[in-house]
Amino acid sequence: KKIIKKSIYKKFDLPKSAKIILWAFGDAKIQYSKFYNDEFMFASFKEKLITILNTNSDIYVFFKIHPNRDKIFDYKKLEKISPRIKVVDIDLLEILPISLILMVRCSMSAINAIIFNIPTISFNYPPIGLDNFYKYLGGTFHVQNNEELKKTIQKLLNKDDHMINLLKKKRNTFLIKNLNINPKNKKRRNENISILNFKKLINKLLKNEK
């Protein structure tokens, strides 16, 4: 993890104090274009990004595009908002372990984050037909607006006792309910990940996405 962190920080010229928040962009244009035009959605992206950056001056947002649905140059203009925004097409398992928080609307990267015990914030505003995606599955801090987003990030970065306890509870419930993993059985945790249960979870997500 330390080697990966050093490599990423060097590659993107980040200060040692940088706190990475990963926004895994799963709501690709093919989805949001059914409801809104590009101008509207990019205004929404900008509002969220500014909200996140204003939460803490050490925050850097890595806006990770969907590897199969979008092209990076379509979103590069978001970097003009601030030098603390990085639009990237990077392997999830390269950036996720060194991220302090993951943000998603419907990205399945949330499953990896919850397993790796990385706080995950989910949202569905403006709505694009994917309501109750992770809110239904559990395991995330589901926010309804930018005010809730800012407060949730602040509490997570400050390691608020209530939030830490809630994170543990949400994670344990998610692992037991959706992946049949016993969080207390640390030695055999990996063996308890059922491929069948994982496929059921994916199918549940896809069914909800349609």
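The values are calculated or read from the model by the stated rules, or taken from the named source; none is laboratory data. Keep in mind that what you see is a predicted model, and the values were worked out from it rather than measured. Because the Cβ atoms are built from the backbone with ideal geometry, glycine has one as well, and the counts that use them run over all protein chains shown. Ligands, DNA and RNA are stripped out before the accessible areas are found, and what is left, the full protein with its side chains, is counted by its heavy atoms. Shrake-Rupley method; radii C 1.70, N 1.55, O 1.52, S 1.80 Å.
Could you check what % of the DSSP bridge pairs in the chain are antiparallel, to the nearest 5?
Working: 0 of 20 bridges.
Close to 0 percent.
Quick one: accessible area per residue over the chain, 1.4 Å probe, rounded to a whole number of Å²? Walk me through the intermediate numbers first.
On the way: 11740 Å² over 210 residues.
Ligands and nucleic acids excluded, the result is 56 Å² per residue.
Given the rule -39500 (n - 2.57) for each run of at least 4 DSSP H residues, summed and divided by the residues of the chain, what is its mean residue ellipticity at 222 nm, to the nearest 500 deg cm²/dmol? Don't jump to the answer; show the numbers that get you there.
On the way: 9 runs with 94 residues, N = 210.
It comes out at -13500 deg cm²/dmol, rounded to the nearest 500.
Are there trypsin sites (Lys or Arg not before Pro) in the stretch 1-106 that DSSP puts in a loop and that have at most 15 other Cβ atoms within 10 Å, and which ones?
Values: sites: K1, K2, K5, K6, K10, K11, K16, K19, K29, K34, K46, K48, K64, R69, K71, K76, K77, K80, R84, K86, R105; in loops: K1, K16, K34, R69, K71, R84, R105.
Of the trypsin sites (Lys or Arg not before Pro), the ones in loops of the stretch 1-106 whose Cβ has at most 15 other Cβ atoms within 10 Å are K1, K16, K34, R69, K71.
Out of the total accessible area of the stretch 143-188 (probe 1.4 Å, heavy atoms of protein only), what percent is carbon and sulfur?
Details: 1480 of 3240 Å².
Answer for the stretch 143-188: carbon and sulfur cover 46 percent of the accessible area.
Pairwise over distinct Cα atoms, reciprocal of the mean inverse distance: report the Kirkwood radius of the chain in Å, one decimal place.
Values: mean 1/r = 0.0564 Å⁻¹.
It works out to 17.7 Å.
Amide H to amide H, which residues 5 or more places from I121 or on other chains are under 5 Å from it, using H placed in the peptide plane?
L102, M103, V104, F141
For the stretch 20-97, what are the per-bin percents of Cα-Cα distances with bins 10 Å wide, up to the bin holding the maximum?
Per 10 Å bin, starting at zero, the Cα-Cα P(r) for the stretch 20-97 comes out as 17, 53, 27, 2 percent.
In debye, nearest 20, what is the charge dipole magnitude of the stretch 24-180 about its Cα centre with +1 on Lys and Arg Cβ and -1 on Asp and Glu Cβ, if you could check? Write out the running numbers ahead of the final one.
Details: 23 positive and 16 negative charges, 50 e Å.
So the dipole magnitude of the stretch 24-180 works out to roughly 240 debye.
Using the Kirkwood radius built from alpha carbon pairs, what does the Stokes-Einstein equation give as D for the stretch 85-170 at 20 °C and 1.002 mPa s, in µm² per second? Provide the component values of the computation, followed by the final result.
Details: Rh = 13.4 Å.
Calculated translational D: 160 µm²/s.
Counting Lys +1, Arg +1, Asp -1, Glu -1, what net charge surrounds D161 among other residues with beta carbon under 13 Å of its beta carbon? Before the final figure, lay out each step's value.
Values: positive: K155, K159, K168, K169; negative: D160.
Around D161, the surrounding residues sum to +3.
Compare the Cα positions of Q31, F141, I81 along the charge dipole of the chain (+1 at Cβ of Lys, Arg; -1 at Cβ of Asp, Glu; about the Cα centre) and return the one farthest towards the positive end.
F141
With 21 Å as the limit, write out which pairs from K77/K159; K19/K151; K168/K200 have Cα-Cα distances beyond it, or answer none. Each step should come with its number before you reach the end.
On the way: K77/K159 33 Å; K19/K151 16 Å; K168/K200 23 Å.
Where the Cα-Cα span goes over 21 Å, the pairs concerned are K77/K159; K168/K200.
Going through the cross-link list K34/K64; K6/K86; K48/K135; K29/K80; K6/K71; K1/K86, which pairs have a Cα-Cα distance over 24 Å in this structure? Before the final figure, lay out the partial values.
On the way: K34/K64 21 Å; K6/K86 17 Å; K48/K135 19 Å; K29/K80 20 Å; K6/K71 27 Å; K1/K86 20 Å.
Correct reply: K6/K71.
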